[in-house]
1. What do you reckon, is V49 at pLDDT 95 or above, within 30 Å of A293 (Cβ to Cβ) and of a type in the set (A, V, I, L, M, F, W, C)?
2. Take S261 and decide whether it is of a type in the set (G, A, S), crowded, with 19+ Cβ neighbours inside 10 Å and closer than 23 Å to D63 by Cβ.
3. Does any residue of region 135-143 turn out to be under 22 Å from the mean Cα position of the chain (by Cα), assigned to a helix (DSSP H, G or I) and at pLDDT 95 or above?
4. So if I check each of A94, A35, A81, which one is under 30 Å from A174 (Cβ atoms), surrounded by fewer than 23 Cβ atoms within 10 Å (Cβ to Cβ) and small (G, A, S)?
5. Would it be correct to say that L197 is surrounded by fewer than 23 Cβ atoms within 10 Å (Cβ to Cβ) and in contact with a helix residue (DSSP H, G or I) (Cβ under 9 Å, 6 or more places away or on another chain)?
6. Need the failing condition index for V49 against (1) within 30 Å of L21 (Cβ to Cβ); (2) in the same structural domain as R169 (by TED's automatic domain parsing); (3) surrounded by fewer than 23 Cβ atoms within 10 Å (Cβ to Cβ), just the number.
7. Regarding L195, is this residue assigned to a strand (DSSP E or B) and touching a residue at least 12 places away in the same chain (Cβ under 8 Å)?
Amino acid sequence: MSAPHDLILRGARVIDPSQNLDRVTDVRFTSGRVAAIGDQLPAGPGTEVRDLRGRVVTPGLIDLHTHVYWGGTSIGVDAVALARTSATATFVDAGTSGPGNFPGFRKHVIEPALPVRILPLLNLSFAGIFAFSGTVMVGECEDLRLLDLKECARVARENADLVVGIKVRVGRGASGASGIAPMDMALEVAEATGLPLMAHLDHPPPSRMDVMSRLRRGDILTHCFRPFPNAPALPGGGVRPEVLAARERGVVFDIGHGAGSCGFDTTRAMLAAGFLPDVISSDVHILSINGPAFDLLQTLGKFHALGMTLPQVVACATTNAARAIRRPDLGTLQVGAVGEASIFEVREEPTAYTDVVGETITGSHRFVAQGLVLDGRWWT
């Protein structure tokens, strides 16, 4: 029987919001778990030691909004390739698959990707997001015949080890003449299965008010800093009352950057009003992976450039994201936790960042992936 694997990450800036930790120290992983955090941890003869001075180590990053049913849908990108370039440990797939094609997603993508973790939100639509590309775009909730509540609930229950929520997309592009009806149907499934709902809102109808008024504690509004129309900020500054009321109820506000859902004007107004996002996610898919979203690290870098601190943006992709999917075992480096860590460099260099309407700003730093620890081992 082989000895337990022992790995020490030496001398990095360790940021773990779950422990209010931000200092230069070491992290040890043994037998797939976090074993210790401390200065100059001793290494045995079989210990693998990685010198990470000048790097940042965080709990394994969680991208709460992605589309990674690669090969099975037109929208999907490759999570394993993306994990390497973005130092992301967990990809929450935001409804790429529905009840009709979830088995293929599980067998052909989710299971082979391990140890890279994919946790799906199940789309209410039977076929998931089935027609999303640069040339063909059909909203999966336009036709109510595609929405079978019993099937969605059944598949969610039968795959409860993976499914972390229900996803619905509404708006002129996603639900068309069906309007708000798909959201009401998805809420029934979420309630029946005891899962949170993630709601996408694009152009009206429905309106921001229609969606906000329905969201429950723990439900997730993605694209929460979208540009006009359906933006959360008031003209001239401040936050719309229905948005403030939703936060007071415990609704989770997720960025979901994507190709059309995060504007710098909206972000500046919300941050100036003291309204920070709960979660920062990329919404990376076939139309956003080459810009403007790129990946989770690039998206975190934008919010850092707009004034959020490094610990704040890390919290939005670790502790807060784990809480949103009800997985407190993730997004932490507490001793005994799952042995995952993201390693990146914060380079001091002028960096151009562009939002979804084409505005470009120049930040003073760039985040560059340097590695991942998965299952307590340095992953390559």
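The values are calculated or read from the model by the stated rules, or taken from the named source; none is laboratory data. Just so we're clear, the structure is a prediction, and the values are computed from it rather than from any experiment. Backbone-built Cβ (ideal geometry, glycine too); neighbour counts: all protein chains shown.
1. Judged against the criteria, V49 is not a match.
2. Answer is yes for this residue.
3. Scanning region 135-143, I find no residue that is under 22 Å from the mean Cα position of the chain (by Cα), assigned to a helix (DSSP H, G or I) and at pLDDT 95 or above, so the answer is no.
4. Only one candidate qualifies: A81.
5. Spelling it out, it is not the case that L197 is surrounded by fewer than 23 Cβ atoms within 10 Å (Cβ to Cβ) and in contact with a helix residue (DSSP H, G or I) (Cβ under 9 Å, 6 or more places away or on another chain).
6. Failing condition for V49: (2).
7. It is false that L195 is assigned to a strand (DSSP E or B) and touching a residue at least 12 places away in the same chain (Cβ under 8 Å).
Condition check ((1) out of contact with any helix residue (DSSP H, G or I) (no Cβ under 9 Å at 6 or more places or on another chain); (2) buried (at least 21 other Cβ atoms within 10 Å of the Cβ); (3) without any contact (Cβ under 8 Å) to a residue 12 or more places away in the chain) across all residues:
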| position | (1), (2), (3) |
| --- | --- |
| L124 | no, yes, no |
| A127 | no, no, no |
| G134 | yes, no, no |
| E142 | no, no, no |
| R157 | no, no, no |
| D161 | yes, no, yes |
| I166 | no, yes, no |
| G173 | yes, no, no |
| G176 | yes, no, no |
